[in-house]
Amino acid sequence: MRTLLCIAVGLIALSSRAEKVSLVGGTVINPADGKVLPNATIVINGNKIERVAMGKQDAAELGKQIGCAGKFILPGYIDTHVHFFQSADLFTRPDGADFNSVRPYQDEVAWIKSHLDDVFARYIRCGITSVVDVGGPMWNFEVRKKANAMQKAPRVAVAGPLISSVSREKLDLGDPPIVKIDTPDQAREFVRKLAEQKPDLVKIWYIVDKDHPVDSFRPIVRAAIEESHAHKIRVAVHATELETARAAVEEGADVLVHSVTDKPVDDMFVKLLRDRHVILCPTLVVFERYGRTFSHQLNLTTEEQKWGNPEVVASLDVTKIPQDKLPDRVKTALADPKAALDKINKTYEVALPNLKKLEDAGVTIAAGTDAGNIGTIHGPALFREFQLMKEAGLTPMQILQCATANAAKLFGGETGAHIGQIESGYFADLVVLNSNPLEDIAHASDIDKVIKNGVSYPADSILH
Ligand SMILES: [Zn+2]
């Protein structure tokens, strides 16, 4: 039955691609240049936007008309930091909290691989028509292939396995997402191997602690970036301390995949990012989700409860796990939830002003969540990210720009050059809202329909 239904939907999608469709009478918001066009018409021809115009149009030129009076139309959202190899459930990072005795990690990975279509659909439900997977096993490249061949899936850009300063054996089932690299030569060799898969990005996991100081891994960072750039591949770096992030950018990093969370960014750092056109993805939501989940203080948003995978959401209640099977990290958090919340607040006291400072200085900020990590729900986590960006002091238009035009730059390549804007020649990836997101960014989730590659999906039909 399910197969039949899919075939039927596929046929409708194919036939609708042949004809011209116009969205008529809505308010078009184009965050790329901040322009708002009331009573506008968007003409879609096949999978591309043919033109956008204001006022009354010649009906003969419009093809099938879809009335959008009272609606607000945006480019499809882009989440620039997700991980398809993680489900966001409690068992998805045994290196951080080992629940193998409750659910073996290989069962978790098998579940993830069998639920990719479901995850893709949840992104579309949330108006997210493109995502960047910034690191996972080699099978990530298959995920990209699968998503990019499907209608009801976001466009996907990927990095392969992470080049890391530390190892994570518990994630290694033969195709590890994180690979410890010890020498510059090893780094170059690994990048050459990755290059065969044509990654959209190479990702470096620049983890620093007392046993792994900034400078000891720096030559490996340098070699990995040099080799990637020689293959014309951009490099994204996880570096959450100011000095680690600075070192990464000085060595040529193109993207920082998280906020700096240990101290306020200084003017030199801000200038460095601006001068080198580095894109920063803040991932604010993920900073609260491990701590809140483990201390049983998780407060998922309405969107996450409605549009997150129900099995994933249900797993996040740690009180359902027998006491003797709780990892120490979770026991500690449960014993003192206030300490867990204080730690989260401390992170935000640094990360939110840092985001505001970078945004004000004109650094390119791309919205992203780190979805797939424990408690950070694939799809709707982006709306919690918007709330936190608002708390940092960004305006609705700035937030929307981060989630569309700026995010398209991070996505990169030919596809990146044709998403994130409502302009002729761009892909017809659009979100139609019932209420004005410029009045309140919370309206960004008040979705009437989603259009991906010229195919329109009524929002309520997507997950049923
Ligand atoms: Zn990540």
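The values are calculated or read from the model by the stated rules, or taken from the named source; none is laboratory data. From a predicted model like this one, the values you see are computed outputs, not experimental measurements. Here the Cβ is made from the backbone with ideal geometry for all residues, glycine too, and neighbour counts use every protein chain on show. Each accessible area value is taken on the protein alone, full model and side chains, heavy atoms only, with ligands, DNA and RNA left out. Shrake-Rupley method; radii C 1.70, N 1.55, O 1.52, S 1.80 Å.
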Among the residues of segment 7-54, what is the count of those that are open to solvent by 60 Å² or more (accessible area, probe 1.4 Å), modelled with pLDDT of 95 or more and under 29 Å from the mean Cα position of the chain (by Cα)? 7
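Residue by residue through segment 45-88, note down the ones that are within 16 Å of the ligand (Cβ to nearest atom) and assigned to a loop (DSSP other than H, G, I, E, B). Full working, then the answer.
Here is the first cut: in segment 45-88, the ones within 16 Å of the ligand (Cβ to nearest atom) are 78-88.
His83, Phe84, Phe85, Gln86, Ser87, Ala88, listed by residue number.
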Scan segment 236-253 for residues that are more than 16 Å from the ligand (Cβ to nearest atom) and touching a residue at least 40 places away in the same chain (Cβ under 8 Å) and jot them down. Ala247
Go through segment 351-383 residue by residue and tally those that are among the charged types (D, E, K, R) and within 16 Å of the ligand (Cβ to nearest atom). 1
Are any of the residues in segment 391-404 closer than 18 Å to Thr27 by Cβ and surrounded by fewer than 20 Cβ atoms within 10 Å (Cβ to Cβ)? yes
Looking at His418 and the list (1) open to solvent by 10 Å² or more (accessible area, probe 1.4 Å); (2) outside any helix (DSSP H, G or I); (3) within 16 Å of the ligand (Cβ to nearest atom), which single condition is not satisfied? (3)
Is one or more of the residues making up segment 208-226 under 14 Å from Ile163 (Cβ atoms), within 16 Å of the ligand (Cβ to nearest atom), among the aliphatic types (A, V, I, L, M) and buried (at least 24 other Cβ atoms within 10 Å of the Cβ)? no
Just one of (1) assigned to a helix (DSSP H, G or I); (2) within 20 Å of Pro137 (Cβ to Cβ); (3) open to solvent by 20 Å² or more (accessible area, probe 1.4 Å) trips up Gln197, so point out which. (1)
Against the conditions (1) free of Cβ contacts under 8 Å to residues at least 40 places away in the same chain; (2) within 30 Å of Ile451 (Cα to Cα), where does Lys180 fall short? Just the number, please. (2)
So the check is Cβ under 9 Å with 6+ separation or different chains; which pairs have a first residue in segment 279-290 that's closer than 15 Å to Leu256 by Cβ and within 12 Å of the ligand (Cβ to nearest atom) and a second one that's open to solvent by 10 Å² or more (accessible area, probe 1.4 Å) and aromatic (Phe, Trp, Tyr)? Phe287/Tyr348
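I'm trying to understand the selection: among the residues of segment 274-290, which are closer than 18 Å to Leu388 by Cβ and open to solvent by less than 20 Å² (accessible area, probe 1.4 Å)?
Scanning segment 274-290 gives Leu280, Cys281, Pro282, Thr283, Leu284, Val285, Val286, Glu288, Arg289.
Yes/no per residue for (1) outside the structural domain of Ile204 (by TED's automatic domain parsing); (2) touching a residue at least 60 places away in the same chain (Cβ under 8 Å):
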residue	(1), (2)
Gly34	yes, yes
Ala53	yes, no
Arg93	no, yes
Arg103	no, no
Asp117	no, no
Ser130	no, yes
Asp133	no, no
Trp139	no, no
Kindly indicate whether any position in segment 335-346 is of a type in the set (Lys, Arg), within 30 Å of Asp275 (Cβ to Cβ), in contact with a helix residue (DSSP H, G or I) (Cβ under 8 Å, 6 or more places away or on another chain) and part of a helix (DSSP H, G or I). no
